[in-house]
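What follows is a short report on a single structure.
The values are calculated or read from the model by the stated rules, or taken from the named source; none is laboratory data. Please read these numbers as outputs of a predicted model, since none were measured by experiment. Quick reminder, even Gly has a Cβ in these numbers, built from the backbone with ideal geometry, and neighbours come from all protein chains shown. Side chains included, ligands, DNA and RNA excluded: accessible areas come from the protein's heavy atoms. Shrake-Rupley method; radii C 1.70, N 1.55, O 1.52, S 1.80 Å.
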Amino acid sequence: METQKGDKNISARDSSSNLVNRQTKTDDTIINVNGIIIGGGEIVIIAGPCAVENREQLLETAKKVHSGGANLLRGGAFKPRTSPYSFQGLGEEGLQYLNEAREITGLPVVTEVMDTRDMEMVCNYTDIIQIGSRNMHNFPLLKEAGKCRKPVLFKRGLMATVDEYLLAAEYILKEGNDQVILCERGIRTFETSTRNTLDLSAVPVLKQKTHLPVIVDPSHGTGQRWLVPIMAKAAIVVGADGVMVEVHHKPEEALSDGQQSLYPEDFVQMVREIEEIARAVGKELYHYKPLPA
Ligand code: PEP
Ligand code: MN
């Protein structure tokens, strides 16, 4: 677009040329996290507790999800809680436990960063930085994530349209970080029978519009343990590159999101079922070795 001489805003970028768009880059973005490939055609499973609560809880849960078929470990050290009186996470101590869990299991870790001031520290500990739903529109945080050298698991805002979500992702890519994994985690609607409304149609829509990998979080998407495996399987059918689920070794004692956290045995069963569904749609689990029957 022509602009007047002296206008600092030289040209308005045509949105179709945005870095996230398929028109700009037709081939899928494939993300390599310490040898785990996300978006390469095989299904990736990310699992772990909502929050890192203590060393024992994290290590126990990490070992269980590892033996159950997880490819990456999740766990929040900085928690975006609705109430300021709820458990807020262990901060750096939690990141240290995640490091230990990685050493023991070999699983790369995903953890959330909420504050630009913590970006460098979190980046130094984690393999993937998570930006949570509530921060999807936190542009300073997105710009910092764009400058860091780790892949970003970027969750959809609970009130964001797909196009707003992609424009927010554009902030990260524009700063030079194209290692972005999108995550549908449910949006807020009038429906109250689930915690959020998991928008599974967003998965094929995103896959059509962008080259970035797309995963689904049925834990926050439904808020109820019994719905997690069925919606995880549905996510695979609609084309997700993987799922992220909350698992706790003792969900009834969890300091956050216990009601939506799977028991380790539920997780094992879910992975087996996902494997069958994946095969039905011509895919495999990422490097998953079937457990003995
Ligand atoms: C989480 O994954 O830990 C989390 C807080 O999810 P969301 O940002 O989607 O609410
Ligand atoms: Mn949670």
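Here are the numbers for the structure shown:
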read-out	value
Hey, ALA235 part of a loop (DSSP other than H, G, I, E, B) and either on the phi > 0 side of the Ramachandran plot or within 15 Å of the chain's Cα centre (by Cα) (or both) or not	no
Selection within the range 224-239 - open to solvent by less than 10 Å² (accessible area, probe 1.4 Å) and out of contact with any Pro (no Cβ under 9 Å at 6 or more places or on another chain)	ILE236
Residue within the range 179-201 that is farther than 23 Å from ALA234 by Cα, open to solvent by 40 Å² or more (accessible area, probe 1.4 Å) and either at pLDDT 95 or above or out of contact with any Phe, Trp or Tyr (no Cβ under 7 Å at 6 or more places or on another chain) (or both) present	yes
Which listed residue is more than 14 Å from ligand 1 (Cβ to nearest atom) and touching a helix residue (DSSP H, G or I) at 6+ places or on another chain (Cβ under 6 Å), from PRO251, PRO213	PRO251
Qualifying residue in the range 235-257 (condition: without any contact (Cβ under 8 Å) to a residue 60 or more places away in the chain and of a type in the set (Val, Ile, Thr))	yes
Residue count for the range 109-118, restricted to those that are free of Cβ contacts under 8 Å to residues at least 40 places away in the same chain and open to solvent by 10 Å² or more (accessible area, probe 1.4 Å)	5
Candidates VAL228, VAL245 - the one that is within 15 Å of ligand 2 (Cβ to nearest atom), part of a strand (DSSP E or B) and either under 20 Å from ILE128 (Cβ atoms) or under 18 Å from the mean Cα position of the chain (by Cα) (or both)	VAL245
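Let's see how each residue does on (1) within 16 Å of ligand 2 (Cβ to nearest atom); (2) at pLDDT 95 or above; (3) outside any loop (DSSP other than H, G, I, E, B); (4) not hydrophobic (A, V, I, L, M, F, W, C):
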position	(1), (2), (3), (4)
GLU53	yes, yes, no, yes
SER67	no, yes, yes, yes
SER86	yes, yes, no, yes
LEU90	yes, yes, no, no
LEU107	no, yes, no, no
VAL110	yes, yes, yes, no
MET114	yes, yes, no, no
